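Scroll down for the structure; my scribbles are underneath it.
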Amino acid sequence: MSSSNVRPRRGNPRISPTAYATAAAWARYGFAEAEAFDTCRGRGMLAALQLGTGLLSPFVPAVAAGPQLLRWRHAAFSNWVAAQTPRLAIEIGAGLSTRGQAYARAHPDMHWYDLDLPGMVATRRRRSAGRSPPPNHDLAEGDLFDPNLGASIARPEHGPVVAVTEGVVDYLDRAAKRQAWANVAALLRRLGGGRYLAEVYPLRRFLEHGPAARAARAWTTRAHATLCYDDTDMVALLIAAGFARARILPDAEVAEWADLSRVPALPFSLLEAET
Ligand SMILES: C[S@@+](CC[C@H](N)C(=O)[O-])C[C@H]1O[C@@H](n2cnc3c(N)ncnc32)[C@H](O)[C@@H]1O
């Protein structure tokens with residue numbers, strides 16, 4: 001795709017309210033410190049998600065587990081990060097997730113940055129008034145579409161660097177994903193190189209065969225829609241965005257990061273990329 005197709009977008013505040021729902025899920029499933037951002041609004045949104053996925057599940061088995069899917073996704077991200085033993089971790093679009101502050105508290109020898117759009121950072125600051133995050137955790141404004149994303153973050157003297165976006169980039173169409181990923185790759189290169197984890201929901205996981213699958217493939221290809229049909233396209237897009245290597249983690253490997261023993265089918269693929 002030529003760079004002329006890339007339209008700059010400054011921020012995606014319309015995505016921000018979904019952070020309340022995921023924060024309620026992290027509290028429901030007992031993730032560390034998550035009760036801090038458990039709200040009535042979030043619990044209401046989560047109940048709506050549960051109802052919606054319950055109604056859809058006879059037709060789309062990949063959503064049968066409902067909000068539990070969020071639990072496996074969040075656990076997979078957290079365990080992947082822990083396995084990298086990062087000296088520096090940056091979560092972009094962290095929303096109301098407490099993964100960073102909990103990890104930083106348990107690992108005082110590393111530094112964690114949670115970045116998000118100004119409105120979400122302000123909401124989070126307001127809601128966390130009176131509770132102190134650990135000194136090695138920072139919350140700051142950061143926009144995936146800003147070429148200077150994370151400019152104030154210093155390169156560590158040694159040790160692995162990781163960046164993650166969970167529940168963020170798959171709201172974006174292809175051109176916007178590429179632009180966002182180019183900025184993440186540039187940030188990691190400036191920090192001396194590192195690994196990145198994101199998830200996508202490829203339609204092939206919902207619709208494997210038949211006319212519906214063909215129509216979905218045509219639609220996602222023609223319209224450059226938000227959802228991709230095939231996650232291998234996304235690997236190519238990560239490379240085009242400036243990562244040196246990228247791969248889809250096989251489901252068997254995802255199972256190392258999250259207990260998938262009772263998962264009927266996963267609707268998302270985890271993408272790991274490296275600069
Ligand atoms: C669905 S929430 C996910 C929050 C968190 N990662 C989680 O899993 O609980 C999406 C988050 O992405 C943030 N976001 C959306 N567009 C962004 C952008 N361009 N740059 C940084 N963050 C963004 C939103 O403000 C929101 O907090």
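Only the coordinates and a few stated rules stand behind these numbers; no lab work does. Computed from a prediction, not measured in an experiment: that's the story for all the values here. All Cβ positions, even for glycine, are placed from backbone atoms using ideal geometry, and neighbour counts span all protein chains on display.
Of note:
- Among Arg126, Arg247, Arg178, the largest mean-square fluctuation in a Gaussian network model of the chain, built with springs joining Cα atoms closer than 10 Å, belongs to Arg126.
- Calculation over all alpha carbon pairs of the range 8-274 in 10 angstrom steps from 0 returns a P(r) of 7, 30, 39, 21, 4, 0 percent.
- Residue separation of Glu141 and Tyr29 scaled by 0.36 nm, minus their Cα-Cα distance, works out to 37.6 nm of gained length.
- Rounded to 5, percent antiparallel among DSSP beta bridges of the chain: 35 percent
- For the chain, the 222 nm mean residue ellipticity estimated from helices alone, with every DSSP H stretch of n ≥ 4 adding -39500 (n - 2.57) and the total spread over all residues, rounds to -12500 deg cm²/dmol.
- Taking θ as phi - 60° and the Karplus parameters 6.51, -1.76 and 1.60, the scalar couplings of the range 20-26 work out to 5, 5, 5, 4, 5, 5, 5 Hz in sequence order, x denoting glycine and proline.
- DSSP loop chymotrypsin sites (Phe, Trp or Tyr not before Pro) with at most 15 other Cβ within 10 Å: longest gap in the chain: 60-275
- 3J(HN,Hα) along the range 148-159, derived from phi through the Karplus expression 6.51 cos²θ - 1.76 cosθ + 1.60 where θ = phi - 60°, amounts to 9, 3, x, 4, 8, 7, 8, 5, x, 5, 7, x Hz, with x in place of Gly and Pro.
- The range 42-112 and the range 16-40 have Cα centres spaced 9 Å apart.
- Normalising by residue count, the range 25-171 has a Cα convex hull of 120 Å³ per residue.
- Couplings 3J(HN,Hα) for the range 107-113, derived from phi with the Karplus relation 6.51 cos²θ - 1.76 cosθ + 1.60 (θ = phi - 60°), are 10, x, 8, 10, 10, 10, 10 Hz, where x marks Gly and Pro.
- Taking amide H as placed 1.01 Å from N in the peptide plane, the amide H of His111 sits under 5 Å from that of Leu88, Ala89, each at least 5 places away or on another chain.
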